[in-house]
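Novice: One structure follows; several queries about it will come next.
Here, each number is a calculation from the coordinates, and none is a lab measurement. Remember, predicted model here, so these are calculated numbers, not experimental data. Quick reminder, even Gly has a Cβ in these numbers, built from the backbone with ideal geometry, and neighbours come from all protein chains shown.
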DNA sequence: ATTTTTACATACCAATTGGTATGCGCATAT
DNA sequence: ATATGCGCATACCAATTGGTATGTAAAAAT
């Protein structure tokens, strides 16, 4: 089926980007391992850059924004939900993922200064996540369950910085323990924001 | 002078790595802009990889480890010093550096999974910084000025995660404001560790 | 039934890559 | 004074890069 080949190309190259970075990916070799050739690759994607954009738009962005979006819709337990999402990172991150790092973080570091198309896309993902967290925190403040003295926007960026930074530090150390330690400390901090 | 050429090659390529990532650097083009040729480059460095290692060993590592080392030697005001160092990141980071990101973070994300020589070197830098922070925090606890309920090692990795993560998030957003917000929040948190 | 389009395969290519082999003037050692 | 080594320049190279031009069998449209 047509969709199948295209989405397989996307998936395989997404994996390759995690392994080698975008610049390090040899897209024709990746598809060769699927048993197809460059012809198919350039049939679906005009260029390597467009392939990269598609990976961000169709794989990375949906996965990341959906993780946090629930914070915008709930009417109570905003902080508890934020903590659950944060804890979720520990559960769903195994040592292999620590080794490869966070796909979003990887691409931001590598591609943001190199290509504006990448940068805008990645920035929008971060903005979307930050907006969800900020909204959740603000709603929590308004329902009187989160301390009002803190700045929701600042806290949102701080939370994301901690999580992405934890991936980064743990990646160099190749240590899930380091990752968990850092996430735990973040959770300890977030709990101090709770009222009652 | 001989030392001059070599260290100029290092400096220029360090800049190029910040701009393009290690894989994106064309070392011969970089030295061409200095007015010299590949001959000089490969006279001083056996390969591009060795050039990369030298950049880490001779430029990045000393700069980073020296920033935190003072925490291991002081006898009082450990938390205040930690806060000063943290605040120092805001002062010495301008918007251009935000755009390019933290050199250590950049290289960790790009090269850690690709090359073990890079990974070990970068890991050792992080270890060294974490050790300095951990020692400072522990000594602060022992002198009774930092809360004893917290885990110094965990806090050390957390602090580094926040700082590196702040660079990463701010880099994608190309926003010094985002960087400052995240660092400010870290400082607010660190201040809660103070006794009296 | 014929045309058109889709979904790839094959073959080719210019440019670039990291790297080498060699040359050569100058300083230093002997 | 001559030999040796240092500090580079020049010229060359195989391999790889992202990409294109062309072909073609099967499906879809007319």
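Novice: What's the total number of residues in the stretch A:32-49 that are surrounded by fewer than 16 Cβ atoms within 10 Å (Cβ to Cβ), more than 8 Å from DNA strand D (Cβ to nearest atom) and closer than 27 Å to residue A:102 by Cβ?
Specialist: 2
Novice: Okay, next question. Those residues that are free of Cβ contacts under 8 Å to residues at least 12 places away in the same chain and over 19 Å from residue B:162 (Cβ atoms), I need them from the stretch B:92-111; list them, please.
Specialist: B:96
Novice: Moving on to the next point. Please determine, by comparing only the residues of the stretch A:17-31 that are near DNA strand D (Cβ under 10 Å from one of its atoms) and part of a helix (DSSP H, G or I), which one is nearest to residue A:60 (Cα to Cα). First the steps, then the outcome.
Specialist: So in the stretch A:17-31, the residues near DNA strand D (Cβ under 10 Å from one of its atoms) come out as A:20, A:22-30.
When the remaining residues are screened for being part of a helix (DSSP H, G or I), the result is A:20, A:27-30.
Working: A:20: 16, A:27: 18, A:28: 21, A:29: 22, A:30: 19 Å.
Top of the filtered list is A:20.
Novice: Anything in the stretch A:13-27 that is within 13 Å of DNA strand C (Cβ to nearest atom) and surrounded by 15 or more Cβ atoms within 10 Å (Cβ to Cβ)? List them, or say none.
Specialist: Step one: list which residues in the stretch A:13-27 are within 13 Å of DNA strand C (Cβ to nearest atom), which gives A:23-24, A:26-27.
Scanning the stretch A:13-27 gives A:23, A:24, A:27.
Novice: Could you tell me which residue of the stretch A:130-157 is nearest to the other protein chains (Cβ to nearest Cβ), considering only residues that are within 15 Å of the chain's Cα centre (by Cα) and free of Cβ contacts under 8 Å to residues at least 40 places away in the same chain?
Specialist: A:157
Novice: Continuing with this model, one more query. Considering only the stretch A:115-129, state which residues are surrounded by fewer than 21 Cβ atoms within 10 Å (Cβ to Cβ) and free of Cβ contacts under 8 Å to residues at least 40 places away in the same chain.
Specialist: A:116, A:119, A:120, A:123, A:127
Novice: Name the residues in the stretch B:54-69 that are surrounded by fewer than 16 Cβ atoms within 10 Å (Cβ to Cβ) and in contact (Cβ under 8 Å) with a residue 12 or more places away in the chain, would you? Explain how you work it out, then say what you get.
Specialist: Residues of the stretch B:54-69 that are surrounded by fewer than 16 Cβ atoms within 10 Å (Cβ to Cβ), as a first pass: B:57-58, B:62-63, B:66-67, B:69.
Those that are surrounded by fewer than 16 Cβ atoms within 10 Å (Cβ to Cβ) and in contact (Cβ under 8 Å) with a residue 12 or more places away in the chain: B:57, B:58, B:67, B:69.
Novice: Report yes if residue B:79 is within 15 Å of DNA strand D (Cβ to nearest atom) and surrounded by 16 or more Cβ atoms within 10 Å (Cβ to Cβ), otherwise no.
Specialist: When the stated conditions are applied, residue B:79 does not pass them.
Novice: Ok, one more. Which is surrounded by fewer than 17 Cβ atoms within 10 Å (Cβ to Cβ) and in contact with a strand residue (DSSP E or B) (Cβ under 9 Å, 6 or more places away or on another chain), of A:146, A:188, A:195? Steps first, answer last, please.
Specialist: Details: A:146 fails: surrounded by fewer than 17 Cβ atoms within 10 Å (Cβ to Cβ); A:188 fails: in contact with a strand residue (DSSP E or B) (Cβ under 9 Å, 6 or more places away or on another chain).
One residue alone meets the criteria, A:195.
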